Structures are given as C-alpha cells and as structure tokens.
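Taking it in order: structure first as structure tokens, then the write-up.
The values are calculated or read from the model by the stated rules, or taken from the named source; none is laboratory data. All values reported here derive from a predicted model rather than from experimental measurement. When we count neighbours, we look across all protein chains shown, and the Cβ atoms used for this are built from the backbone with ideal geometry, even at glycine.
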C-alpha cells in the first residue's frame, strides 16, 4: 500500500515532467495519476478555488553541476545520426545523479571506457536510489543531462561510442 507522502511525491514528479498519465499497481492497489490537458483546466466555483496547472506552466527545478564535473552540450545532428553511438536512457521518472554522494566524484566522465556492468549514474525515484548500468561496451562521448536534473522515462542520459 502506498503512503500518502509517496502519492504526493508521485504527483509532483508527474507534474514536473511531460508524462500525462501514470498507472501503478502495487500489492492489489491501483493508482492512476493524470494531468489535465490545457483544454481541461477547471476552477472550482466555491472558495477556496483550485486550479490545475498545465505542464507548460509547471516550474522545472535543477541544480547546477559542480565545477569539477564535465557536462557536454547536447548532441549535434551528426552525432544523433551516427549508428555507432548508443543512447543510455532513463528507465524511469526521477532525479539524475552522476555520483554516489555529493562528496564523491562522478561514476563516469566523457572519455571513460565502460562495459555492460559499469554503473554510470543513479536515478532517484520515491527516495529509492536506482543505479543505472551502461549495458554496452564502449566510451562515454557525451553527458546529456545535468546533475540533480529531473529526467523522464526514456530520456537520453549519455551517448556511448560502442566497440
């Protein structure tokens, strides 16, 4: 059974992403969270008034990377078309962390060699830290997101030149 605090956190995560609907079934409990489309925005007539805010108006919070971290700009068109580049994508909605703790160095940097079992980052979802592995052998050529940034399901995080 989900706790109220966990449900509130899920609602906030959905509100801060482009995800419009989230279905969860856990231990016999089914929870569906849906965001209103802009045409469906409704206000209540009696006080207090509640307004559903569409995704476009929701603020996005992120922390800037520390000076020691090297985050490269987004992939160029020629890199996106390169078949030897593999995208490591987020398997869930959550917060992206490059290191195991604020004091530690990043798991990987541009130029680092990785294999299928190399941990490349952590995605935090509902206070659970989920280590993400490279799943391919190659070299990190680009980091596509900032440390502390909210990421969506399927969002590319790293580009790897496969061997």
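Quick look at the numbers
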read-out	value
Conditions (1) surrounded by fewer than 18 Cβ atoms within 10 Å (Cβ to Cβ); (2) out of contact with any helix residue (DSSP H, G or I) (no Cβ under 7 Å at 6 or more places or on another chain); (3) in contact (Cβ under 8 Å) with a residue 24 or more places away in the chain: number failed by residue 145	(1)
Lone unmet requirement of (1) modelled with pLDDT under 70; (2) surrounded by fewer than 15 Cβ atoms within 10 Å (Cβ to Cβ); (3) more than 25 Å from residue 135 (Cβ to Cβ) for residue 11	(1)
